[in-house]
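Enquirer: Shown below is the structure under consideration.
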Amino acid sequence: TWGELAGGLRWFTGDAELRTGDPELPDYDFDGGEAFVRFTADTLDDVNFPREGLFGGIDWISSQTALGADSDFDTVDAGLVYARSWDRDTLNAAVRVGWTASGDLPIQSLYQLGGPFRLSGLDSNALSGQYLGFGRLTYFRRVNDFQLMPAYLGGSLEAGNAWLDSDDVGLGDLRYGGNLFFGVDTPIGPLYLG
């Protein structure tokens, strides 16, 4: 009821096409074959606006040419979210680390960062790299008593980056973001104005 341990094999295929950037970059097809092990623990009381609980997880992924992948690499990805409330006020903290343990990640497997609550102010997935570090502190306050669609006012402070080279990883190279928002937890998902 609070956690999961999973493992397995997965295969996928796809194609990459240039949207922006150097027109000399080629379009290409790719194949993936991976073994993975994942552990997650989840006691959060809500997915969209968690007020109490913890969510944590760690993933190990091993891409292998023997499984049909185009390249060999290993990654470890870990994250933690903790939420705590006092009456109408909630504070939650999140941290995530992604690390390439061996090999070089192909473009489609790079860690990505950017967008709302993931370095707000940047376009979605504007940063990418073989290594990732991210932290966020969010405060919000419930501003209505309507149970079907609770509404919140809040803000977040965020710091992180994605790096291509492990020698570049460090606190001196962090990017910062944040936002102020009004959010409603609707029956079809969260709605934000930020």
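The values are calculated or read from the model by the stated rules, or taken from the named source; none is laboratory data. Everything numeric in this text was worked out from a predicted model, so none of it was measured. Note: ideal-geometry Cβ built from the backbone for every residue, glycine included; neighbour counts use all protein chains shown. Accessible surface is based on the protein model in full, side chains and every heavy atom, while ligands, DNA and RNA are left aside. Shrake-Rupley method; radii C 1.70, N 1.55, O 1.52, S 1.80 Å.
Enquirer: Can you run down the residue pairs with Cβ atoms below 6 Å, 6 or more apart or on separate chains, where the first is in the stretch 88-117 and more than 16 Å from residue 55 (Cβ to Cβ) and free of Cβ contacts under 8 Å to residues at least 12 places away in the same chain and the partner is assigned to a loop (DSSP other than H, G, I, E, B) and open to solvent by 70 Å² or more (accessible area, probe 1.4 Å)?
Expert: 115/124
Enquirer: Residue check: is residue 47 hydrophobic (A, V, I, L, M, F, W, C), surrounded by fewer than 16 Cβ atoms within 10 Å (Cβ to Cβ) and in a loop (DSSP other than H, G, I, E, B)?
Expert: Criteria met by residue 47.
Enquirer: So, in the stretch 11-70, of the ones that are free of Cβ contacts under 8 Å to residues at least 60 places away in the same chain and aromatic (Phe, Trp, Tyr), which residue ends up nearest to residue 190 (Cα to Cα)?
Expert: Quick first cut of the stretch 11-70, residues free of Cβ contacts under 8 Å to residues at least 60 places away in the same chain only: 11-13, 15, 17-29, 31, 33-45, 47, 50-70.
With aromatic (Phe, Trp, Tyr) added as a condition, the list becomes 11-12, 28, 36, 39, 55, 60.
Details: 11: 32, 12: 30, 28: 35, 36: 30, 39: 26, 55: 19, 60: 30 Å.
Once the filter is applied, the top-ranked residue is 55.
Enquirer: Same structure again: Mind checking which residues of the stretch 65-92 are over 28 Å from residue 1 (Cα atoms), touching a Phe, Trp or Tyr at 6+ places or on another chain (Cβ under 9 Å) and open to solvent by 60 Å² or more (accessible area, probe 1.4 Å)?
Expert: Residue satisfying the conditions is 70 alone.
Enquirer: Please work out which one of (1) in contact (Cβ under 8 Å) with a residue 24 or more places away in the chain; (2) farther than 22 Å from residue 99 by Cβ; (3) open to solvent by less than 70 Å² (accessible area, probe 1.4 Å) is the condition residue 136 fails and give its number.
Expert: Condition (2) is where residue 136 drops out.
Enquirer: Which count do you get for residues in the stretch 1-32 that are touching an Asp or Glu at 6+ places or on another chain (Cβ under 6 Å), assigned to a strand (DSSP E or B) and open to solvent by less than 100 Å² (accessible area, probe 1.4 Å)?
Expert: Count: 4.
Enquirer: Consider residue 71 carefully, then state whether it is polar (S, T, N, Q), more than 30 Å from residue 145 (Cα to Cα) and assigned to a loop (DSSP other than H, G, I, E, B).
Expert: Details: polar (S, T, N, Q): yes; more than 30 Å from residue 145 (Cα to Cα): yes; assigned to a loop (DSSP other than H, G, I, E, B): yes.
It is true that residue 71 is polar (S, T, N, Q), more than 30 Å from residue 145 (Cα to Cα) and assigned to a loop (DSSP other than H, G, I, E, B).
Enquirer: Follow-up. Within the stretch 175-192, can one find any residue that is more than 30 Å from residue 87 (Cβ to Cβ), under 16 Å from the mean Cα position of the chain (by Cα) and in contact (Cβ under 8 Å) with a residue 12 or more places away in the chain? Break it down stepwise before answering.
Expert: First, the residues of the stretch 175-192 that are more than 30 Å from residue 87 (Cβ to Cβ): 175.
Okay, now just the ones that are also under 16 Å from the mean Cα position of the chain (by Cα), so 175.
Of the ones still in play, those that are also in contact (Cβ under 8 Å) with a residue 12 or more places away in the chain are 175.
Among the residues of the stretch 175-192, at least one is more than 30 Å from residue 87 (Cβ to Cβ), under 16 Å from the mean Cα position of the chain (by Cα) and in contact (Cβ under 8 Å) with a residue 12 or more places away in the chain, which makes the answer yes.
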